[in-house]
Amino acid sequence: MIEAIPINSRDFSTKERRIKKHVLVWCSEGKIAMEIDGLSFTIPSGHVITITSGQFHKFEEATSAKGIILQFTYDFFCKDDRDIELIFCNGLFCHFDKNEVIDVSRNPSIGNHMENIVNELLTKPYQYLTSIHSRIELILIEINRAKIQQGDEIWKPEALFLKFLESVRGNFQHSLPVKHYAEKLQTTELRLNELSKQHAGKTAQQIIHGLIVSEAKRLFYYERLSVKETAYTLGFKDPFYFSNFFKRHTDLSPQLFKEQVVK
């Protein structure tokens, strides 16, 4: 549900992992080298990086670093639409392109809140989970302020659009149409398309396809699945159709992608 792990007490193996939790890595000293979904990142002192639930990641180097890894489930934090919008505001845990290393060196309260979360999880004082939830809210607000201070534009998607993304991520194996998600979220296909174009410049179907392609790349890169295995895992009944689908969206056949990218 919620964990806060001091970096200097963690065994940083090079093995990749994938967890159903949102991960916030804060570096207070030194630097941390990471790989997330096949891309390399360096988090220096006074910086953070966010990792969306379901992304593959591994720590490559952190022997001289200090900081805290905060891990929490969507259900722990997202109690209402306000929480949903905050967790994804400015793309903090909503990565369409790639993850972002964010400079928070001018926002020292982030470190204080992270350390207090560690202590509260250890001591478990009265209503500590409520306190931790509030501290995570303040951390996310401070990160958003840091981004704005650095000149970033504000991106605040609506909760319904974010629920749509979460629902798609949780149903890769079924290859479901936009109509299904609209009914599940008690809205219309038109509304999902309006929100998708407003927040991502794409149709709802294009959003679904983009998330499926990203998941396929993860399965090729980390799970080392064959084309047929990946097709069936993602709800495609015909591997040949999946191959054409993948090539149409990446300009590479699955086999060529595996040869060029998967080592």
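Spin-label pair LYS228-TRP155: with each label point 7 Å from Cα along the Cα-Cβ axis, the two points sit 3.9 nm from one another. Relative contact order for region 135-233: 21 percent, from Cα pairs under 8 Å spaced at least 6 residues apart, divided by residue count. Straight-distance candidates among the aspartates and glutamates for linking to LYS58, with alpha-carbon spacing under 12 Å and chain neighbours fewer than 8 residues away dropped: ASP11, GLU16, GLU35, ASP37. When shorter helices are ignored and each DSSP H run of at least 4 residues is given -39500 (n - 2.57), the per-residue value for the chain at 222 nm works out to -14500 deg cm²/dmol.
What's the exposure ranking of VAL118, VAL48, going from fewest to most Cβ atoms within 10 Å?
Working: VAL118 17, VAL48 26.
Going from least to most buried by this count: VAL118, VAL48.
Which value in Å does the Kirkwood hydrodynamic radius of region 101-150 take, with 1/r averaged over all unlike C-alpha pairs and then inverted?
Numbers: mean 1/r = 0.0877 Å⁻¹.
After inverting the pairwise mean of 1/r, the radius is 11.4 Å.
For region 159-261, take the convex hull of the Cα atoms, compute a quarter of its surface area, and give me that in nm², please. Walk me through the numbers before you get to the answer.
Values: hull surface 25.6 nm².
Result: a mean projected hull area of 6.4 nm².
When each of LYS15, LYS202 is scored by the number of other beta-carbon atoms lying within 10 Å, the sequence from fewest to most is LYS15, LYS202. Sorting SER109, SER28, SER40 from the fewest to the most surrounding beta carbons within 10 angstrom yields SER40, SER109, SER28.
Taking only complete DSSP H runs, can you tell me which helices of the chain stretch 24 Å or more along their own long axis by Cα positions and average at least -1.0 on the Kyte-Doolittle scale? Walk me through the intermediate numbers first.
Details: long enough: 128-149 (31 Å, 0.30); 204-221 (26 Å, 0.39).
Qualifying helices, which must be both long enough and hydrophobic enough, are 128-149, 204-221.
Here is the link list: LYS197/LYS217; LYS21/LYS79; LYS21/LYS228; LYS79/LYS202; LYS20/LYS156. Which ones come out longer than 26 Å on Cα distance? Correct reply: LYS21/LYS228; LYS79/LYS202. Inter-part distance, region 42-108 to region 145-222, computed on C-alpha centroids, equals 19 Å.
Taking the charge dipole of region 2-149 about its Cα centre, with +1 at Lys and Arg Cβ atoms and -1 at Asp and Glu Cβ atoms, the residue from HIS22, PHE59, LEU138 reaching farthest to the positive side is PHE59. Our compactness index for region 2-149, the C-alpha radius of gyration over the empirical 2.2 N^0.38 Å, is 0.97. Only the Cβ atoms of Lys and Arg (+1) and of Asp and Glu (-1) were treated as charged; on that basis the dipole of the chain about its Cα centre amounts to roughly 560 debye.
Altogether, the Stokes-Einstein calculation at 20 °C and 1.002 mPa s, with the Kirkwood radius of the chain over Cα pairs as Rh, returns a diffusion coefficient of 109 µm²/s.
Every read-out reported here was derived from the displayed coordinates using simple, explicitly stated rules and does not represent laboratory data. None of these values were measured; they are calculated from a predicted model. Note that each Cβ is placed from the backbone with ideal geometry, even for glycine, and that neighbours are counted across all protein chains shown.
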